[in-house]
Structures are given as structure tokens and as C-alpha cells.
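The structure appears right after this line, and notes come after that.
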Amino acid sequence: MTPSITDSAVKAAVAAIASESATTAEKIQMLIEMAQGFQKKPKTAQDLRNAVGLYYRAYEMSGEEYPLLKAKAQVGMAGTLQIIPHADTELLLQAKAGYEEALPILQELATPEEVAEAQMNFGLVLQSLAPYNLARISDSIQAYHEALRVFTWEDYPQDYAILYNNIAIAYLSMPMASEREYLRQGLAVQSFEVALKHINLIDHPREYAMLQNNLGNALQYLVSSHPVDNNLKAIAAYNEALKVRNSRDTPLEYANTISNKANALFNLPDYPEKPELGNSKNLLQARSYYQEAWSIFTEHQQLEQAELVVQALKDVEVEIRTIS
């Protein structure tokens with residue numbers, strides 16, 4: 001079914017393009033650029049649906065005569081479908097099919113960067129579909145590695161960091177037999193560490209903080225015979241992230257990191273070399289972090305995250321009462 005364009009301004013713009021004394025290729029390019037405007041800065045979900053409609057018109061106008069423009073419209077449409085809020089599996093499957101059809105054409109006719117961006121987003125679609133058994137997580141990881149051939153740390157540090165972050169998260173979600181659990185977790189930790197060899201605090205602070213926060217999460221839940229050591233490493237990673245994240249400039253990211261750090265403190269002895277002395281100090285610090293995180297999540301209407309922190313607060317209060 002052809003997506004409908006309901007916004008009157010979009011209809012008017014489409015009509016204006018149709019009346020332009022431009023070539024067909026130029027008109028297709030205009031439609032794609034207009035769609036990109038809606039896609040990159042959507043104010044509502046309807047803006048995204050308008051973008052899909054515009055991309056579809058460009059796709060239809062391209063026919064067989066303009067294969068590259070057709071592939072670009074298809075990739076734009078797929079990229080928009082996957083970011084529509086609460087997108088169901090049907091939309092994600094449409095996006096997957098769009099990438100699968102467009103990628104061979106892009107590989108033949110487009111720039112390496114355009115191909116890599118499509119592979120990166122294709123990997124995301126596959127990763128989103130994997131929990132429903134509609135795609136394989138290994139294919140997602142392969143798509144990310146393909147993109148890394150172009151998005152190197154020297155030339156594209158932001159994309160490089162995001163790709164390695166996605167690879168690590170993909171490994172963590174990979175189903176494996178329990179005796180091989182340590183393998184996927186180890187691969188995830190390794191992926192974060194590879195990225196952090198090149199993504200540093202000074203040049204790429206936002207990406208550095210993201211990687212350190214997620215490395216901390218991977219370390220914290222690593223299946224290991226050394227849980228205390230892993231929690232200490234996790235807290236060190238969270239502290240690195242907190243060199244960038246703060247309550248003023250990045251409140252939600254900051255709240256995420258301090259609640260993650262609180263989770264690690266909850267299970268960490270005050271004196272790792274003397275675990276028999278308990279963890280009363282760390283529990284009090286964890287409670288303080290949870291309270292601060294709850295306040296930020298509530299203020300920013302992140303109610304689901306606030307509820308999770310409330311449950312964690314209840315658990316830490318029980319522990320504190322138990323040792324009092």
C-alpha cells in the first residue's frame with residue numbers, strides 16, 4: 001500500500017516540485033532531501049510518516065531508470081521506518097527488506113560512506129528483529145564489521161564508537177548455552193576495550209562516556225570467579241564516564257550512570273581485601289545515588305526508569321536495615 005501524505009504543507013511542496021522545470025532526476029533528489037528534513041528533525045511521529053511518503057514517491061519516480069536514486073530513497077525509507085516510535089516487527093521487516101534490496105545497488109554505485117551508513121543501520125534493524133527470531137544476531141554483527149571497513153577510528157571516530165558499542169551489545173544479547181555464557185560476555189568486554197584504545201576523553205568525550213558506562217555494565221554482570229574484581233573495574237569505568245556526564249549538562253545520561261554505579265556498589269564489600277567486614281558504607285553510597293537518579297528520572301518524566309530505581313531503593317533499604 002502506498003504510504004499516504006496527510007500534511008498539507010507536504011502536499012503543497014510535492015505539488016511545487018511537480019511543477020518545477022527540473023529534470024526527473026532533480027525532482028527525485030528534491031523529494032529525497034525534503035524527506036531527510038522530516039527524518040532528521042521530526043517533531044511528531046507524523047513527520048516520520050510524511051518522510052516515508054516522500055521517500056516512497058521518490059522511489060516510484062526512479063523506476064528502473066535511476067537505480068542509485070531508487071536505492072537511496074529505499075534506504076531513506078528503511079531508516080525512517082526503524083525509528084518510528086513503538087515500531088512493530090512489521091515495520092522493521094519492511095526496513096530489513098528495503099536494505100537487502102538497496103545494498104547491492106549501493107555497493108555498485110554509491111560512495112563507500114553511503115554503503116557503510118546503510119550497513120550500520122541494517123545491523124540495527126537485524127539486532128532489533130533478533131529477539132523475535134526474525135533475524136540472526138550474527139548477521140547484525142557482520143553488518144557492523146562491514147561498516148567498520150569504512151568508519152575507521154581515524155576518520156569517523158563517532159561512528160566507530162557507536163559501531164563497537166552496538167557490536168558489544170549484540171554479543172551480550174546473543175543466545176548461548178549457559179556454559180558458554182562467559183564467551184559472549186568476554187567478547188562484549190573486548191569490543192568495548194578495543195574501541196576505548198582509540199576513543200579518548202579529550203577528543204571524543206560523549207562517545208568515551210557511552211563506552212565506559214556500557215563497559216561498566218558488561219563487567220558488572222560478567223560471569224566470573226572474581227566478581228569483586230569485576231565490580232571494582234566496573235566502578236572505575238563508571239567513574240570515567242562521570243568525568244563527562246553530570247547532572248547539569250547531561251542529566252539523563254548522568255542518572256543512568258550513577259544508578260549503574262549504585263548497582264555495583266550494592267554488591268561490593270567496603271574493604272575488598274576483608275569482605276567479612278560487610279558493605280555498610282557502599283550501601284549508603286548506593287542509596288544516595290539511587291535517590292539522586294530517581295529525582296532526575298522523575299523530573300524528566302522517565303517514569304519506567306524511575307520505577308526501576310524505586311525497586312532498587314527498596315532493596316538497598318532492606319539491606320541497610322538488616323546490617324543495622
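Descriptive notes on the structure:
- Estimated [θ] at 222 nm from DSSP helical runs (n ≥ 4, -39500 (n - 2.57)) normalised by residues in the chain, nearest 500: -24000 deg cm²/dmol
- A simple spin-label model places pseudo-atoms 7 Å from Cα toward Cβ; at Ile83 and Thr44 they are separated by 1.9 nm.
- Among Asn267, Asn200, Asn133, residue whose mean-square fluctuation peaks in a GNM of the chain (springs only between Cα atoms under 10 Å): Asn133
- Seen through its C-alpha gyration tensor, with square-root eigenvalues sorted a ≥ b ≥ c, the stretch 12-129 comes out oblate because a/c lies at 1.5 or above while a/b is not bigger than b/c.
- Spin-label model distance (nm) - Glu65 vs Thr24, 7 Å beyond Cα toward Cβ: 0.2
- Rel. contact order, % - alpha carbon contacts under 8 angstrom, at least six apart, the stretch 8-135: 18
- Straight-line reach from Lys43: taking Cα to Cα under 26 Å and skipping same-chain neighbours fewer than 8 places apart, the lysines in range are Lys11, Lys27, Lys72, Lys96.
- Pairwise FRET efficiency - Ile320 versus Glu33, Cβ, R0 = 56 Å, nearest 0.05: 0.45
- Listed by chain and number, the lysines whose C-alpha is less than 20 Å from the C-alpha of Lys243, apart from same-chain residues fewer than 8 away, are Lys197, Lys233, Lys261.
- Once the 1.4 Å probe is applied to the protein heavy atoms, the stretch 8-135 comes out at 51 Å² accessible per residue.
- Simple label model, 7 Å out from Cα along Cβ direction - Asn267 to Gln158, nm: 3.5
- The stretch 162-176 residues near the modelled Leu183 label - backbone nitrogen below 18 Å, point 7 Å along Cα→Cβ: 168-176
- Between the beta carbons of Leu308 and Ser288, assuming R0 = 22 Å, the FRET efficiency works out to 0.80 to the nearest 0.05.
- Mean separation of Cα pairs under 8 Å and 6 or more residues apart, divided by the residue count, gives the chain a relative contact order of 8 percent.
- For Val228 and Thr111, the difference between the fully extended length at 0.36 nm per residue and the C-alpha to C-alpha distance is 37.3 nm.
- Distance from the stretch 250-324 to the stretch 62-89 (C-alpha centre basis), Å: 43
- Principal-axis analysis of the Cα atoms of the chain puts helix 24-40 at an angle of about 20° to the longest axis.
- Ordering of 86-96, 271-281 by packing [mean C-beta count within 10 Å, highest first]: 86-96, 271-281
- Take the stretch 231-317 with all the other protein chains still there, run a 1.4 Å probe, and you get 53 Å² of accessible area per residue.
- On Cα atoms only, tilt of 157-173 relative to the major axis of the chain in degrees: 70
- Nearest 10 degrees, 0 to 90: helix 181-196 Cα axis against the chain principal axis: 70
- Gain on full extension, evaluated as 0.36 nm per residue between Ser295 and Val194 minus their Cα-Cα distance, stands at 32.9 nm.
- Overall form of the stretch 56-207 per C-alpha gyration tensor (a/c, 1.5; a/b vs b/c): oblate
The values are calculated or read from the model by the stated rules, or taken from the named source; none is laboratory data. Every value quoted in this text rests on a predicted model; they were computed, and no experiment measured them. Every residue, glycine as well, gets a Cβ built from its backbone with ideal geometry; the counts of neighbours run over all protein chains shown. Side chains included, ligands, DNA and RNA excluded: accessible areas come from the protein's heavy atoms. Shrake-Rupley method; radii C 1.70, N 1.55, O 1.52, S 1.80 Å.
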